[in-house]
Amino acid sequence: MSKYLVNKFLYTIDRDPDLVQRYRDDPAGTVAWWETEKANEILNCVAGEKSTWLAFADDEREALVARDHVKLFEMGAHPFLTLTLFIALFEHDHEPLEYVKAYAARMSHLTLPYPDIAT
């Protein structure tokens, strides 16, 4: 897994309300667009600077499209990045803290040692 690329996706989508809404409305289209248009941009760098080789593995793409935070964490995605993005995606559909509790409940089967989240 390219933890860097998955975490970069989570980070960049979460910081733009329009992209959060786009990912909420069309996860497959957003993942495909981001992978094609944004994955190779270098963070915090001069505009136009790009890499050429970054792409999601099939299991990463599937987990992002499914918005499966448990699978993403099991593969090494940073839990704070999934939590903040998924709160932005889903919290307004729930009572206060209801989504956060559901998020945690889906992760409750995990025990130490957790997957390595270092990039």
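The values are calculated or read from the model by the stated rules, or taken from the named source; none is laboratory data. All figures in this text were calculated on a predicted structure; none of them were measured in a lab. We place every Cβ from the backbone using ideal geometry, glycine too, and count neighbours over all the protein chains shown.
For residue 85, work out the one condition from (1) modelled with pLDDT under 90; (2) among the hydrophobic types (A, V, I, L, M, F, W, C); (3) assigned to a helix (DSSP H, G or I) it doesn't fulfil.
For residue 85, the failing item is (1).
Would you be able to say whether some residue in the range 35-55 is under 14 Å from the mean Cα position of the chain (by Cα), at pLDDT below 80 and not in a helix (DSSP H, G or I)?
Taking every residue of the range 35-55 in turn, none turns out to be under 14 Å from the mean Cα position of the chain (by Cα), at pLDDT below 80 and not in a helix (DSSP H, G or I).
Here is a check on your reading of the model: is residue 73 at pLDDT below 95, outside any helix (DSSP H, G or I) and closer than 28 Å to residue 100 by Cα?
no
What number of residues within the range 9-34 are in a helix (DSSP H, G or I) and more than 11 Å from the chain's Cα centre (by Cα)?
Final tally of qualifying residues: 13.
If you go through the range 58-106 one residue at a time, how many are surrounded by 15 or more Cβ atoms within 10 Å (Cβ to Cβ), within 12 Å of the chain's Cα centre (by Cα) and among the acidic types (Asp, Glu)?
Here the count works out to 2.
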